[in-house]
Amino acid sequence: MEIKTGILEKLKNVKMVLTDYDGTLTHRWELSIDGLEAVRRLERNGIIVSFVSSNNLATMAFLAMYYGISGYVISESGAVIAKDLRIVWAVDRSNFPRKKIEEIMISLGFESILNDVKYVDLTFFRTEKSRNVTTEEIIKRLKNEVGDVEVYDSGYAVHILPKGVSKSNAFFKLLDIMNLKNEEVVVIGDGANDLDLFEVAEISAAPSNAADVLKERAKILLDYPDGKGFAQLADLILKVKRLI
């Protein structure tokens, strides 16, 4: 495990771990028991766990309930914040042209993923036809036909949201809601779409399966992938705080 200078001292004041879900608490879509048990260890010792994900609001809200976290859920790449199955903050979606965007993406060869159940995020799988379509090409096509939007490729799917939506903006909103300071939170994620969050968080951690851009930015580089990496981070925090 690689830890940047000064970070161990900062871990003494940590009150919350904000964790990505897919690829961090799961291996692809397979639940990590190591990650689940580590979430419970943190919570039992008074460290709040919150989720941040590109996954849809309904899925993440119910996962939060089943994991038993005491924190909040940032879902749909930062578009919605919820707690106890209730929305506490959300981006304005009134002028977001969902139907037109979906038509454009399907014409490019993408497969729509249960978008009728999303709060605002539009999500698409790549097919053979869209395999080589770049994010830049998607942005250009959408800009010409519907205006400026946010486009994120999580590695699992392509997400399209209203302009200005990001995990980093939602992170600061969550700090305000919870009355926490940046230095009291550790963020952990694996995907390139977590980069904006790593750029603003004072303490960040990356499991060994993380994208190279995150490993370069992370203050803590863990030895293990996904849930095992999360468990290593959890135990590091608890040991530094002398809770285990």
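The values are calculated or read from the model by the stated rules, or taken from the named source; none is laboratory data. Bear in mind that the values here come from a model prediction, so they are computed numbers and not experimental data. No Cβ is skipped: glycine too gets one built from the backbone with ideal geometry, and neighbour counts run over all protein chains shown. We work out accessible area using only protein heavy atoms, side chains counted, and drop any ligands, DNA or RNA first. Shrake-Rupley method; radii C 1.70, N 1.55, O 1.52, S 1.80 Å.
Filtering the range 182-210 down to residues that are at pLDDT below 95 and of a type in the set (Gly, Ala, Ser), which residue is farthest from Thr19 (Cα to Cα)? Only one residue tops the list, namely Ala192. Taking the range 1-48, which residues are among the small types (Gly, Ala, Ser) and touching a residue at least 12 places away in the same chain (Cβ under 8 Å)? If the condition is that a residue be among the small types (Gly, Ala, Ser) and touching a residue at least 12 places away in the same chain (Cβ under 8 Å), then Gly23, Ser32, Gly35, Ala38, Gly46 are the ones that fit. Among residues of the range 125-164 being under 17 Å from the mean Cα position of the chain (by Cα) and hydroxyl-bearing (Ser, Thr, Tyr), the one that is modelled with the highest pLDDT is Tyr152. Only residues that are open to solvent by less than 30 Å² (accessible area, probe 1.4 Å), without any contact (Cβ under 8 Å) to a residue 60 or more places away in the chain and in contact with a Leu (Cβ under 6 Å, 6 or more places away or on another chain): list them for the range 206-230, please. If the condition is that a residue be open to solvent by less than 30 Å² (accessible area, probe 1.4 Å), without any contact (Cβ under 8 Å) to a residue 60 or more places away in the chain and in contact with a Leu (Cβ under 6 Å, 6 or more places away or on another chain), then Ala206 is the only one that fits. Within the range 153-205, count every residue that is open to solvent by 40 Å² or more (accessible area, probe 1.4 Å), outside any helix (DSSP H, G or I) and either among the charged types (D, E, K, R) or touching a His at 6+ places or on another chain (Cβ under 6 Å) (or both). The total comes to 4.
When Glu76, Glu37, Glu9, Glu30 are checked against the criterion of being open to solvent by 60 Å² or more (accessible area, probe 1.4 Å) and within 23 Å of Ser154 (Cα to Cα), a single residue qualifies: Glu30. Taken over the range 40-58, the criterion of being at pLDDT 95 or above and open to solvent by 40 Å² or more (accessible area, probe 1.4 Å) is satisfied by Arg40, Arg41, Arg44, Asn45, Gly46, Ile48. For the range 105-125, the set of residues classified as surrounded by fewer than 17 Cβ atoms within 10 Å (Cβ to Cβ) and either free of Cβ contacts under 8 Å to residues at least 40 places away in the same chain or among the small types (Gly, Ala, Ser) (or both) consists of Ile106, Ser107, Gly109, Glu111, Ser112, Asp116, Phe125, listed by residue number.
Would you confirm whether any residue within the range 87-100 is buried (at least 18 other Cβ atoms within 10 Å of the Cβ), at negative phi and without any contact (Cβ under 8 Å) to a residue 24 or more places away in the chain? No: the range 87-100 contains no residue that is buried (at least 18 other Cβ atoms within 10 Å of the Cβ), at negative phi and without any contact (Cβ under 8 Å) to a residue 24 or more places away in the chain. Among the residues of the range 93-119, those identified as in contact with a strand residue (DSSP E or B) (Cβ under 7 Å, 6 or more places away or on another chain), more than 22 Å from Gly71 (Cα to Cα) and not basic (Lys, Arg) are Phe96, Ile101, Glu102, Met105, Ile106, Phe110, Glu111, Ser112, Ile113, Asn115. Residue-level analysis places Glu128 outside the set of residues that are part of a helix (DSSP H, G or I) and not basic (Lys, Arg).
Between Gly35, Gly71, which is within 19 Å of Ser204 (Cα to Cα), assigned to a helix (DSSP H, G or I) and among the small types (Gly, Ala, Ser)? None of the others qualify; the one that does is Gly35.
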